[in-house]
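Below is one structure, written out as C-alpha cells; comments come after it.
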Amino acid sequence: MSRVKSIFYVAVIMIFFVSIFTSTRPYNLETSLAKGDVVNMHGLVYNFSVFETFVENVQAGKEGKIRIVNFTIEGDPIFTLLRYDGNSIRVTVDNSKEKHGGNRWFHTKDTCTEIVKEVGVSVVYSLKNCEITSSNNYYHLLNMSKTKE
C-alpha cells in the first residue's frame with residue numbers, strides 16, 4: 001500500500017509542477033501597468049510620463065530603455081522594446097502573443113536614430129532613420145488621443 005501511495009504523491013506533485021510551468025497567463029493591461037510599461041489601449045496611453053522621460057533622455061544623450069505595449073482590438077499585446085545607448089535607438093518588435101494576426105508573426109530588431117512627434121487629429125510618435133526597415137524607413141510607436149497615468 002505504501003508503494004501505491006508514493007506513486008500517487010509523486011504523480012500529484014508532477015502534475016502540480018507541470019501545471020505551474022505550462023500555464024499561459026494572459027498579458028493584459030493590469031500586467032503591463034504593474035511592470036511599468038507604456039501602454040497604448042486604442043489611443044488611450046497609460047504611463048505616458050515614462051515615454052516622455054525616455055524621449056528627453058534620448059535628446060540629452062542619456063542611455064535608457066522602455067517597453068511599449070500596443071494592444072490590438074482583440075486585446076492581444078504587441079511589444080516594442082526601445083534601448084538607447086547614447087548614439088542610436090535599438091528597437092525590438094515582438095508580436096508573438098498576437099493570436100488574431102494570422103501567420104504574420106515577427107520578431108524584428110533594428111537600429112534607428114530619431115524619435116519624431118507628429119500632431120494632427122491625434123499625436124503620433126515614430127522611430128525614423130532606421131537601418132533595415134522596409135520602404136517606410138520608420139516604426140510606429142504610439143498613436144494617442146488621451147493619456148492616463
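Annotations for the structure displayed:
- All of Ser49, Ser23 fail the test of being modelled with pLDDT under 65 and not aliphatic (A, V, I, L, M), apart from Ser23.
- The set of residues in region 72-131 that are polar (S, T, N, Q) and at pLDDT 90 or above comprises Thr80, Asn87, Ser88, Ser126.
- Listed by position, the strands (runs of 3 or more DSSP E) contained in region 30-104 that have at least 2 residues being without any contact (Cβ under 8 Å) to a residue 60 or more places away in the chain and over 24 Å from Ile132 (Cβ atoms) are 38-41.
The values are calculated or read from the model by the stated rules, or taken from the named source; none is laboratory data. The model shown is predicted, which means the values in this text are computed figures rather than measured ones. Glycine also receives a Cβ, built like all others from the backbone with ideal geometry; neighbour counts cover every protein chain displayed.
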